[in-house]
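Trainee: Below is a structure I'd like to ask you about.
The values are calculated or read from the model by the stated rules, or taken from the named source; none is laboratory data. Predicted model only: the values in this text are computed from it and were never measured. Backbone-built Cβ (ideal geometry, glycine too); neighbour counts: all protein chains shown. Heads up: the accessible areas ignore ligands, DNA and RNA and are worked out on the full protein's heavy atoms, side chains in. Shrake-Rupley method; radii C 1.70, N 1.55, O 1.52, S 1.80 Å.
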Amino acid sequence: MQELDLFKEQISSASPKKIVITTHHKPDADALGSSLALANYLKKKSHDVTVITPSDYPSFLSWMKGNDEVINFEEPGKAEIVAEKIKEADIVFCLDFSCLNRLCEMGEMVKQSKAYKVNIDHHQDPKDFADFRFWSTEAAATCELLYELIVKVGDKKLIDKDIAECLYAGIMTDTGGFKHPNTSKNIHLVTAELIGIGADNSKISRLIYDTNSVNRLKFLGFALTRRLTILNDLHTAYFAISKKDLKKYQSQTGDTEGLVNYALSLDGIKIAALFTERKDGVKISFRSSEEVEINKFAATFFSGGGHKNASGGTSKLPLKETTERFEKLIKENKHILFNQLELVNEKNQ
């Protein structure tokens with residue numbers, strides 16, 4: 001309670017501050033939605049607010065209020081501006097990530113900052129870098145937590161239609177359109193409040209799920225017909241997307257969003273993965289059915305982690321070798337994965 005009181009004092013309208021809000025590399029709807037919702041809220045309290053992202057993000061999120069003012073660290077000439085903004089900040093908000101390395105090059109800047117640091121997040125194993133943390137793994141989305149924090153400090157009246165829509169977008173996507181097991185009673189209560197405030201749930205769903213380029217649809221068809229591997233005996237399916245594939249379909253940030261869920265939707269599949277070849281290695285997205293804790297697998301073998309049924313990871317091996325290793329590990333650990341026992345570490349083989 002004392003920490004909450006100090007937080008309330010820090011964001012008081014009576015003492016305008018220079019505030020930086022940032023989130024993880026390649027922000028999704030929860031990351032950007034919480035960042036812009038918070039920015040719009042704090043501006044109402046007379047603060048000087050800057051939202052900075054470590055990278056670009058999907059164009060289907062550009063409708064959110066404040067998007068045109070976001071600074072992308074990776075854009076030419078922006079790194080020095082970002083460094084100065086963080087150095088001058090009185091408060092730095094870190095949203096939707098639990099450790100500073102998710103900021104990539106910006107992580108050290110935030111670490112060295114003397115600003116009052118706030119972390120709002122729902123991921124596991126948070127690192128101790130914040131002065132005030134509002135955190136819970138029981139929350140489905142950072143946007144859910146941000147709504148609760150604004151209410152807790154007595155500012156629910158400041159949530160307008162634009163803020164409500166940013167929050168709704170993050171909650172909707174992090175629950176998989178309210179389909180994932182994390183769709184709790186509280187989620188429905190919060191989204192009901194947001195709709196009551198003015199969030200247009202139909203519009204938000206259309207903008208995020210039903211706004212595609214021709215290339216994205218062609219890429220989806222290609223991935224489904226040519227890049228999907230199904231391992232029925234292992235209850236596993238995965239996509240392996242090469243740099244050449246991405247170039248062929250002029251892939252933009254966000255074009256692979258949701259692809260892994262098609263693999264998980266197959267009858268009998270309990271584990272799904274998407275392997276995407278990038279210039280710095282292979283990025284991996286894991287999904288699993290409710291009874292399989294895929295985050296442990298991601299952390300043990302692919303330097304990753306995340307939620308129980310939705311996690312990420314990386315590999316420095318070439319794409320083909322990465323998928324071969326994945327198949328081998330799933331085969332070696334299939335009974336363990338599906339029975340919630342300890343994973344077999346390769347070092348012990």
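Trainee: Please work out the C-alpha center-to-center distance from segment 208-248 to segment 81-98 and express it in whole Å.
Mentor: Value for the Cα centre distance between the two parts: 36 Å.
Trainee: Alpha carbons only, please: Rg and Dmax for segment 233-273, in angstrom.
Mentor: Radius of gyration, then largest Cα-Cα span, for segment 233-273: 12.0, 35 Å.
Trainee: Using a Gaussian network for the chain with springs between C-alpha atoms less than 10 Å apart, which of these wobbles most: GLY176, GLY77, GLY305?
Mentor: Judging by the Gaussian network model, the answer is GLY77.
Trainee: Quick one: length gained pulling LYS8 to GLN252 fully straight, 0.36 nm per residue minus the C-alpha distance?
Mentor: On the way: separation 244, 0.36 × 244 = 87.84 nm, distance 3.97 nm.
Once the chain is fully extended between LYS8 and GLN252, it gains 83.9 nm.
Trainee: When Lys and Arg each count +1 and Asp and Glu each count -1, what net charge do the other residues less than 10 Å away from LEU207, Cβ to Cβ, add up to?
Mentor: Working: positive: LYS203, ARG206; negative: GLU165, ASP200, ASP210.
That sum, taken over residues with Cβ under 10 Å, equals -1.
Trainee: What trypsin sites (Lys or Arg not before Pro) does segment 214-317 have in DSSP loop regions with at most 14 other beta carbons within 10 Å? Mind dumping the intermediate values first?
Mentor: Numbers: sites: ARG216, LYS218, ARG226, ARG227, LYS243, LYS244, LYS247, LYS248, LYS270, ARG278, LYS279, LYS283, ARG287, LYS296, LYS308, LYS316; in loops: ARG227, LYS270, LYS279, LYS308, LYS316.
Qualifying residues, ordered by number: LYS279, LYS316.
Trainee: Grab the other residues whose beta carbon is less than 13 angstrom from that of GLY221, score K and R as +1, D and E as -1, and report the net.
Mentor: Numbers: positive: ARG216, LYS218, ARG226, ARG227, LYS248; negative: ASP245, ASP255.
Overall, the nearby charge balance is +3.
Trainee: Go through LYS45/LYS78; LYS179/LYS316; LYS203/LYS247 and tell me which ones have a Cα-Cα distance over 29 Å in this structure. Present the calculation step by step, with values, prior to reporting the outcome.
Mentor: Details: LYS45/LYS78 27 Å; LYS179/LYS316 33 Å; LYS203/LYS247 31 Å.
Beyond 29 Å between Cα atoms: LYS179/LYS316; LYS203/LYS247.
Trainee: While we're on this one: Tally Lys/Arg at +1 and Asp/Glu at -1 over every other residue whose Cβ is under 9 Å from the Cβ of LYS243; what's the total? Present the calculation step by step, with values, prior to reporting the outcome.
Mentor: Working: positive: LYS244, LYS247, ARG278, LYS279; negative: ASP245, GLU277.
Counting the neighbours of LYS243, the net charge comes to +2.
Trainee: Evaluate the charge dipole of the chain about its Cα centre and quote only its size in Debye, nearest 20, assuming +1 on the Cβ of each Lys and Arg and -1 on the Cβ of each Asp and Glu. Mind dumping the intermediate values first?
Mentor: Numbers: 47 positive and 49 negative charges, 154 e Å.
Rounded to the nearest 20 debye, it is 740 debye.
Trainee: Under 14 Å between alpha carbons, and skipping anything fewer than 8 positions from LYS114 in its own chain: which aspartates and glutamates qualify?
Mentor: Partners found: GLU84, GLU88, ASP90, ASP131.
Trainee: Shifting gears a bit: Counting C-alpha atoms alone, how compact is the chain: give Rg to one decimal and Dmax as a whole number, in angstrom.
Mentor: Taking only Cα atoms of the chain, I get Rg and Dmax of 20.4, 63 Å.
Trainee: In Å², what does the accessible area per residue of segment 232-274 work out to with a 1.4 Å probe?
Mentor: Values: 2140 Å² over 43 residues.
With the other protein chains kept in place, segment 232-274 gives 50 Å² per residue.
Trainee: If you don't mind, another one. Got a sec to turn the phi values of segment 38-53 into Karplus ³J(HN,Hα) couplings, 6.51 cos²θ - 1.76 cosθ + 1.60 with θ = phi - 60°, whole Hz, x for Gly and Pro?
Mentor: Each residue of segment 38-53 in turn: 5, 4, 5, 5, 5, 5, 5, 9, 6, 8, 8, 10, 10, 9, 10, 10 Hz.
Trainee: With springs connecting C-alpha atoms under 10 Å apart, model the chain as a Gaussian network and identify which of LYS157, LYS85, LYS114 has the largest mean-square fluctuation.
Mentor: Greatest mean-square fluctuation among the candidates belongs to LYS157.
Trainee: In Å², what does the accessible area per residue of segment 279-345 work out to with a 1.4 Å probe?
Mentor: Each residue of segment 279-345 exposes 52 Å² on average to a 1.4 Å probe.
Trainee: Still on this structure: If each of THR137 and GLU108 carries a label point 7 Å out from its Cα toward its Cβ, how far apart are those two points in nm?
Mentor: Spacing of the two 7 Å Cα→Cβ label points: 3.1 nm.
Trainee: Turning to a different aspect of this structure: What accessible area per residue comes out for segment 3-94, rounded to a whole number of Å², with a 1.4 Å probe?
Mentor: Numbers: 3740 Å² over 92 residues.
Spelled out: the 1.4 Å probe surface of segment 3-94, per residue, equals 41 Å².
Trainee: Ordered by residue, what ³J(HN,Hα) values in Hz, to whole numbers, does segment 100-115 give under the Karplus form 6.51 cos²θ - 1.76 cosθ + 1.60, where θ = phi - 60° and Gly and Pro are x?
Mentor: 5, 5, 5, 8, 6, 4, 6, x, 5, 4, 5, 4, 7, 5, 8, 5
Trainee: Within straight cross-link reach of LYS320, meaning Cα distance under 18 Å, which aspartates and glutamates are found once same-chain residues fewer than 8 apart are removed?
Mentor: Candidates past the 8-residue exclusion: ASP245, GLU277, ASP280.
Trainee: Rounded to whole Å, give me the distance from the Cα center of segment 111-180 to that of segment 293-322.
Mentor: The distance from the Cα centre of segment 111-180 to that of segment 293-322 comes to 25 Å.
Trainee: First compute the accessible area of the chain with a 1.4 Å probe, then give the percent of it belonging to carbon and sulfur atoms.
Mentor: Numbers: 8110 of 16900 Å².
Its accessible area is 48 percent carbon and sulfur atoms.
Trainee: What list of ³J(HN,Hα) values in whole Hz, one per residue of segment 144-160 in order, does the Karplus curve 6.51 cos²θ - 1.76 cosθ + 1.60 (θ = phi - 60°) give from phi, with Gly and Pro shown as x?
Mentor: 4, 5, 5, 4, 5, 5, 4, 5, 4, 8, x, 10, 4, 4, 7, 7, 9
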